[in-house]
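What follows draws every value from the coordinates through simple rules; no lab data is involved. Source: prediction; values computed, not measured. Here the Cβ is made from the backbone with ideal geometry for all residues, glycine too, and neighbour counts use every protein chain on show.
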Amino acid sequence: MNATTEQVLNHLRATDEYVSGTALCGALGISRAAVWKQVQQLREQGYEIASAPNRGYRLVQGVNLPSALELGPLLTTRCFGQVLKYAAETGSTNADAAELARRDSPEGTVVVADTQTAGRGRLQRHWHSPPGENLYFSLLLRPQVLPERTPQLALVAGLALCRSLGALFPGLSPRAKWPNDVYLNGRKLAGILCGMSSEMERVRHLIIGIGINVNGGEFPPEIADTATSLRRETGEEVSRPQLLAAVLAELEGAYCEWLENGLAPFVEQWNEVSYLAGHEVTVEVMNEQVRGTVLGIAESGALRLRQANGTVREIIGGDVHVLRGKDGRTLFADSE
Ligand code: BTN
């Protein structure tokens with residue numbers, strides 16, 4: 001999509017009335033045929049544009065797409081999303097972002113797609129990525145920190161997601177589930193998948209991939225009982241570009257804070273919104289099953305568990321299975 005298309009759209013957005021072809025030609029310095037071509041391109045993207053002889057063109061309905069045309073005017077960030085690659089369809093935005101990283105794309109580059117044909121979650125699980133409904137995006141970072149610190153960024157991103165959702169939807173109480181999920185009313189709303197390229201003491205780049213179930217209503221059978229979407233919880237259609245702009249702004253602030261002060265400033269709030277706090281869980285760590293009651297996260301980002309013998313154990317990474325809720329109810333919920 002080029003700058004002229006954006007200019008045509010901006011003129012149409014500026015009024016509820018018709019904008020004459022002559023006015024558009026004059027303002028943009030292009031021919032009538034060129035204006036018509038731009039309008040056609042916008043229509044192909046889903047914009048509903050009425051045209052009437054002697055009156056010109058009128059924007060009837062915009063699109064709920066996380067494209068550059070929609071996101072651009074909403075971005076308040078200094079860096080995140082300033083380089084933005086939108087694809088109507090791609091395999092996986094994480095794979096695309098990794099490719100851009102190898103081609104020296106700058107920190108803050110965002111890849112976003114309307115649909116993914118090979119969307120991936122943790123442990124190579126499939127990520128449900130139908131078109132027209134949700135957000136699938138990946139953020140390229142180049143933090144100058146030791147590689148072992150980077151798993152903390154999944155926690156920072158999870159909290160940033162909870163903060164932005166809480167601000168946009170004051171009635172909702174999103175919860176962060178260690179290490180990389182966001183839950184709403186007991187169901188999974190969003191997942192975070194981080195990938196890194198590093199040397200022993202240097203991070204080359206890091207990709208944070210985020211999938212948020214925004215307007216979806218139907219889920220595949222395997223997640224039908226455990227997943228939810230914002231639309232399902234609020235009863236309203238949610239603007240994907242507005243949500244993405246809000247999340248990127250929150251992520252940028254949180255990332256800068258983390259670079260400067262580490263995870264410490266996040267721990268208290270993270271534990272306040274923790275989905276697992278007080279739950280009895282087992283964590284699969286390599287070949288071991290660790291069982292205990294979740295206390296929260298430590299300043300390192302590790303999950304703190306109180307074991308049956310009273311000792312506190314810190315887990316750096318693993319798959320969590322909830323055995324019993326805080327209220328003692330048996331849940332046997334999975335971490336997917
Ligand atoms: C998980 O919960 O297992 C993590 C899911 C991460 C999904 C997102 S969607 C955008 C990005 N592209 C991918 O292929 N995966 C992530």
With x for Gly and Pro, the residue-by-residue ³J(HN,Hα) of the stretch 177-192, computed from phi through the Karplus equation 6.51 cos²θ - 1.76 cosθ + 1.60 at θ = phi - 60° and given in whole Hz, is 10, 4, x, 8, 10, 10, 10, 9, 6, x, 10, 6, 9, 8, x, 10
One finds, for residue 2 and residue 43 with R0 = 22 angstrom and r their Cβ-Cβ distance, a FRET efficiency to the nearest 0.05 of 0.90
By the Kirkwood definition, with r running over pairs of different Cα atoms, the stretch 201-270 has a hydrodynamic radius in Å of 15.0
Under the 7 Å Cα-to-Cβ spin-label approximation, residue 13 and residue 285 lie apart by a distance in nanometres of 5.0
For residue 188, the residues 5 or more places away or on another chain with a placed amide H closer than 5 Å to its own amide H are 227, 228
Packing-ranked peptide list from 250-256, 9-15, highest mean Cβ count within 10 angstrom first, is 250-256, 9-15
Asserting the computed 222 nm helical MRE of the chain (DSSP H runs at least 4 long, -39500 (n - 2.57) per run, divided by residue count, to nearest 500) equals -9000 deg cm²/dmol
Rounded to the nearest whole number, the per residue volume of the convex hull around the C-alpha atoms of the stretch 1-137 in Å³ is 128
Quick shape summary for the stretch 110-238, equivalent ellipsoid via Cα gyration tensor, semi-axes whole Å in descending order, reads 26, 16, 13
The stretch 97-151 -> Rg/Rh from Cα coords, Kirkwood Rh, value 1.03
Note to self: C-alpha centroids of the stretch 200-251 and the stretch 100-168 sit apart, in Å, by 9
Note, the stretch 57-66: 3J(HN,Hα) by Karplus (6.51, -1.76, 1.60, θ = phi - 60°), whole Hz, Gly/Pro = x, goes 10, 9, 7, 8, 8, x, 10, 9, 10, x
When all Cα-Cα pair distances of the stretch 184-330 are considered, the percent exceeding 23 Å is 51
The size of the Cβ-based charge dipole (Lys, Arg +1; Asp, Glu -1) of the stretch 229-321 about the Cα centre, to the nearest 20 debye, is 320
Quick calc, the stretch 31-173, dipole around Cα centre from Cβ unit charges on Lys, Arg (+) and Asp, Glu (-), nearest 20 debye, gives 200
Within the chain, pairs of Lys residues whose Cα atoms are less than 24 angstrom apart, provided they are eight or more positions apart or on distinct chains, add up to 4
Out of 274, 301, 258 - ranked by how far each Cα lies towards the positive end of the dipole of the stretch 238-324, with unit charges on the beta-carbon of charged residues - the top one is 274
Residues whose built amide H sits under 5 Å from the amide H of residue 127, excluding neighbours closer than 5 in sequence, are 119, 120, 121
The convex hull of the Cα atoms of the chain, divided by residue count, gives a volume in Å³ per residue of 149
Per principal axis, largest first, the Cα atoms of the stretch 28-99 extend in Å by 49, 28, 23
With Rg from the Cα atoms and Rh as the Kirkwood inverse mean 1/r over Cα pairs, the stretch 67-116 has an Rg/Rh of 0.96
Calc'd 3J(HN,Hα), the stretch 34-39, phi into Karplus 6.51 cos²θ - 1.76 cosθ + 1.60 (θ = phi - 60°), Hz, glycine/Pro = x, comes to 5, 4, 4, 4, 5, 4
